[in-house]
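Let me begin by presenting the structure, written as structure tokens, before commenting on it.
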Amino acid sequence: AEMRQALMFRLSKHGGHFGPNFGMVETTIALHYVFDSPKDKIVFDVSHQSYPHKMLTGRKDAYLYEEHFDDISGYTDPHESKHDFFTVGHTSTSVSLASGLAKGRDLNGESGNVIAVIGDGSLSGGEALEGLDFAGEMDTNFIIVVNDNDMSIAENHGGLYKNLKLLRDTDGKAECNLFRAMGLDYVFVKDGNDIPSLIAAFRQVKDSTKPVVVHIVTQKGKGYEPAEENPSKFHGIGPYDIATGEVKKGSSSAPKYTSVFSKAIVAEAERDHDIVAITAAMKDGTGLAAFSEKFPKRFIDTGIAEEHAVALASGLALGGKKPVVCIYSTFMQRAFDQLVINNALANTNVVFCLDRAGLVGDDGPTHHGVFDIAYGRMVPGVRMMAPSDEAELVHMLHTALALEGPVILRWPRGEARGVELPAVPQVLEEGKSRTTREGSDVAILAFGRMVQEAEGAADILAKEGVSVRVVDMRWIKPFDEEAVRKAALECKLVCTAEEGAIEGGIGEGILEALAANPPAQVPPVLTFGIPDEFVEQGKVPQLHHMLGIDSCGMAARIREKYAEL
């Protein structure tokens, strides 16, 4: 009860992962009661359910006192505690990670239990199945706790979960047992929110000499009625009102990029019956809930299986459909091979919509979408765009659907700019930018959300007598080389601004273009973006300021460089 009260206090004010943690309170208490952490090593999948674990391992102040909220991340972190072994954040990894710890323990002649905790739909991810397959041959102490709450982020999808349901319905006695078929011993716990039952099961498998699955049935969001009734909404949630469960709304009247996309994709699908929307367990997060309700036969949720989603899209495209694959930028990294081999090499007509591109805030380094520009622009045949406002997003989706070959759209988490949406979307000219501020001293070539920051920097510098041109580049690949060359010919200083990694980013691409085909005199070039480091959690405006990519930071660096000219 104390633990749930502390969770409620932090989450209602700060937001975070609600359902996974409320459902894991009893399991976490029982794990730490039976096992001796950190000698016995507990590895949480995704680790978005590790808040109770953090409370029991010396970090409870971050849940009791508001001034300590930012002392910790939302995931396990070895820098925080010796009880954490990996910085995770992505799904389906715990069995593989923990099997490595178990193998290392055996090679070193050490003792102790190794426990992987996996749930929330993570079993459908390919790496989880690869890990289970490996574990079946280990012949050593290795405990896999399968937290079965009959949910992924939203509802579960796939035949694997039919077997879990069969096991639940038969109290684990069904002859058709996925885990036994893979060579694993098996223990079933009917009530995974009952501490005595959990303690008994964990004592039974402690110090086992064979790999074993402990299948526990829990309730996601246990202990808070709104979360029990709507586990999808309460998987991860912003600050909310405890009495009603309603999320506290911000003061801005601007829509979120995701909601704009949601309406735009429905409108496109009404006009074109070949459009099929695909997501990997992110129906709500990527804005596809309305599409799924209106076009259920043209909506596919693969579960947490990004590789499958992207390869599936290739097959649909070759079958004459127009797949739109909607995945968070950070999770698209998991399907890079399928992007290259199954889509770019095959030149499929697939649109990849990457939500949460750029810095995302409190989820930290595992969730910042800062690598998609670099990995997208290196792949032959891939086009890539970044909208600077919600109207541009509508035009770009329409453009992407009209193009041949794979196209990537990327947009940030959160609110757009509040501009008027077009009544009729337009097809944008490929590789052409638009100038939003005229200027002759400095040019800022900006991409996506950085256009707004560039315009702010231009306003600051204009008061100091520095004339700044701002170019909304629109296209990351192919970028507007004519606009780049024009800026280099007409301005004393050229800057690039992207909310992505500088290493391999579009700023480097522009530098390469200027070096390959230089004007008579190449001006100095400043690149603004994410430096070669992992950025920690924090509010996005604070992170922008820390990295010097907000309006003030850009203006300060430009001012300093311009003074040297």
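The values are calculated or read from the model by the stated rules, or taken from the named source; none is laboratory data. Predicted, not measured: the structure shown is a model, and the values here were computed from it. Please note: Cβ atoms are built from the backbone with ideal geometry, for glycine as well, and neighbour counts cover all protein chains shown. Calculation scope for accessible area: heavy atoms of the full protein, side chains included, ligands and nucleic acids excluded. Shrake-Rupley method; radii C 1.70, N 1.55, O 1.52, S 1.80 Å.
Taking 8 Å as the Cα distance limit and 6 or more residues as the minimum spacing, I'd like the relative contact order of the chain as a percentage.
Details: 1213 pairs, mean separation 62.1, N = 565.
Once normalised by length, the contact order is 11 percent.
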Practice prompt. Using all C-alpha to C-alpha distances in segment 1-95, build P(r) with 5 Å bins and read off the rounded percent in each one.
Written response: 3, 14, 27, 28, 20, 8, 1, 0
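Per residue, how much accessible surface does segment 1-103 expose to a 1.4 Å probe? Answer in Å², no decimals.
Numbers: 3660 Å² over 103 residues.
Per residue, segment 1-103 has 36 Å² of solvent-accessible surface.
Hey, can you find the accessible area per residue of segment 316-428 for me, probe 1.4 Å, expressed in square angstrom? All intermediate terms of the calculation are to be shown ahead of the outcome.
Numbers: 3590 Å² over 113 residues.
Value for segment 316-428: 32 Å² per residue.
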Worksheet item: For Ala254, what is the net charge nearby, where nearby means another residue's Cβ is under 13 Å from its Cβ and Lys, Arg count +1, Asp, Glu -1?
Response: 0
Worksheet entry | Net charge of Cβ neighbours under 9 Å - reference Lys432; Lys, Arg +1; Asp, Glu -1 | -2
Practice prompt. Output the relative contact order of segment 1-104, whole-number percent, from Cα pairs under 8 angstrom with separation of 6+ residues.
Written response: 29 percent
Worksheet item: Hey, what number do you get for the chain at 222 nm if only DSSP H runs of n ≥ 4 count, each worth -39500 (n - 2.57), divided across all residues, to the nearest 500?
Response: -10500 deg cm²/dmol
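State which stretch of the chain is the longest one without any exposed trypsin sites (Lys or Arg not before Pro), exposure meaning a DSSP loop state and at most 10 other Cβ atoms within 10 Å. Display every interim value, and only then the final one.
Values: sites that count: Lys39, Lys82, Lys173, Lys249, Lys463.
For trypsin sites (Lys or Arg not before Pro) (loop position, at most 10 other Cβ atoms within 10 Å), the longest site-free span of the chain is 250-462.
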Item to complete: Enumerate the amide H contacts of Lys322 below 5 Å, restricted to partners 5 or more residues apart or on another chain; note that Pro and chain-start residues carry no placed amide H.
Response: Ile275, Val276
Worksheet item: To the nearest 10 Å², what's Ser73's accessible area with a 1.4 Å probe?
Response: 10 Å²
Item to complete: Using the Karplus curve 6.51 cos²θ - 1.76 cosθ + 1.60 with θ = phi - 60°, work out ³J(HN,Hα) for each residue of segment 239-249 in order, rounded to whole Hz, and write x for Gly and Pro.
Response: x, 9, 8, 4, 5, 10, x, 7, 5, 6, 8
Practice prompt. May I ask for the distance between the Cα centers of segment 122-177 and segment 324-354, given as a whole number of Å?
Written response: 27 Å
Worksheet item: Pairs Lys256/Lys283; Lys283/Lys432; Lys322/Lys477; Lys54/Lys283: which are spaced more than 27 Å apart, C-alpha to C-alpha?
Response: Lys283/Lys432; Lys54/Lys283
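So if the hydrodynamic radius of segment 278-405 is defined as the Kirkwood radius over C-alpha pairs, what does Stokes-Einstein give as its diffusion coefficient at 10 °C and 1.306 mPa s, in µm² per second? Mind dumping the intermediate values first?
Working: Rh = 14.9 Å.
Taking Rh from Cα pairs, D becomes 107 µm²/s.
From the P(r) of the chain, can you give the percent of Cα pairs sitting at distances over 31 Å? Don't skip to the answer; put the middle values down first.
On the way: 81594 of 159330 pairs.
Value for the chain: 51 percent of Cα pairs lie more than 31 Å apart.
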Fill in: Nonlocal amide H pairs with Gly221, under 5 Å, H built at 1.01 Å
Phe22, Gly23
Response to the item:
When the charge dipole of the chain is computed with +1 at the Cβ of Lys and Arg and -1 at the Cβ of Asp and Glu, the Cα pointing farthest to the positive end, of Met182, Leu397, Ile549, is that of Leu397
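Quick one: work out the % antiparallel among DSSP beta bridges in the chain, nearest 5. Let's see the in-between values first.
Values: 11 of 67 bridges.
Within the chain, antiparallel bridges account for around 15 percent of the total.
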Fill in: q = 0.17 Å⁻¹, segment 398-455: log10 I(q)/I(0) [Debye, one scatterer per Cα]
-0.82
Worksheet entry | Alpha carbon centroid spacing (whole Å) that separates segment 190-257 from segment 357-411 | 32 Å
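So for segment 382-424, averaging the separation of alpha carbon pairs under 8 Å that are six or more residues apart and normalising by length, what relative contact order in percent results? Could the numbers behind the result be given before it?
On the way: 45 pairs, mean separation 22.5, N = 43.
Once divided by the residue count of segment 382-424, the mean separation gives 52 percent.
Which order do Ile242, Ile199, Ile300 take by accessible area at a 1.4 Å probe, largest first?
Values: Ile242 80, Ile199 25, Ile300 50 Å².
Solvent-accessible surface, decreasing: Ile242, Ile300, Ile199.
For segment 424-477, which GluC sites (Glu not before Pro) are in a loop by DSSP, counting at most 12 other Cβ atoms within 10 Å?
Values: sites: Glu429, Glu430, Glu438, Glu453, Glu455, Glu464; in loops: Glu429, Glu430, Glu438, Glu464.
Here the sparse-neighbourhood loop sites are Glu429, Glu438, Glu464.
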Practice prompt. Quote the accessible area belonging to Val466 in square angstrom, nearest 10, computed with a 1.4 Å probe and with ligands, DNA and RNA left uncounted.
Written response: 20 Å²
Practice prompt. Among Gly285, Val340, His368, flag the residue with its Cα farthest along the positive direction of the charge dipole of segment 272-370, charges on Cβ as +1 for Lys/Arg and -1 for Asp/Glu.
Written response: Val340
Fill in: Residue-count net charge about Lys190 - beta-carbon cut-off 9 Å; Lys, Arg +1, Asp, Glu -1
-2
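Could you compute Rg(Cα) / (2.2 N^0.38 Å) for segment 451-565, with N its residue count? Could you put the intermediate results ahead of the total?
On the way: Rg = 14.1 Å, N = 115, 2.2 N^0.38 = 13.4 Å.
Relative to the rule-of-thumb radius for its length, segment 451-565 sits at 1.05.
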Worksheet, complete the sentence: If amide H atoms are modeled at 1.01 Å from N in the peptide plane, then the residues at a separation of 5 or more from Gly405, or on another chain, having amide H under 5 Å from its own are Asn349, Val350
Response to the item:
HN-Hα couplings for segment 191-204 via Karplus (6.51, -1.76, 1.60; θ = phi - 60°), in whole Hz with x for Gly/Pro, come out as 10, x, 10, 10, 4, x, 5, 5, 4, 4, 5, 5, 5, 5
Worksheet entry | Percent of C-alpha pairs per 10 Å bin, segment 155-195, short to long | 27, 53, 20, 0
Discussion item. Projecting each Cα onto the charge dipole of the chain (Lys/Arg +1, Asp/Glu -1 at the beta carbon, about the Cα centre), which of Ser314, Phe534, Gly74 comes out farthest on the positive side?
Written reply: Ser314
Discussion item. Can you compute 3J(HN,Hα) from phi for each residue in segment 20-27, using the Karplus curve 6.51 cos²θ - 1.76 cosθ + 1.60 with θ = phi - 60°, rounded to whole Hz and x for Gly and Pro?
Written reply: x, 7, 4, x, 9, 4, 5, 4
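First compute the accessible area of the chain with a 1.4 Å probe, then give the percent of it belonging to carbon and sulfur atoms.
Working: 11590 of 22720 Å².
Carbon and sulfur: 51 percent of the exposed surface of the chain.
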Discussion item. I'd like the accessible area for Met55, computed on protein heavy atoms only with a 1.4 Å probe and all protein chains in place. Round to 10 Å², please.
Written reply: 20 Å²
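Starting from the residue with the highest accessible area, list Asp191, Asp472 in decreasing order, probe 1.4 Å.
On the way: Asp191 75, Asp472 0 Å².
From most exposed to least exposed: Asp191, Asp472.
If you roll a 1.4 Å probe over the heavy atoms of the protein chains, what accessible area per residue do you get for segment 133-269, in Å²? Walk me through the numbers before you get to the answer.
On the way: 6610 Å² over 137 residues.
Accessible area per residue: 48 Å².
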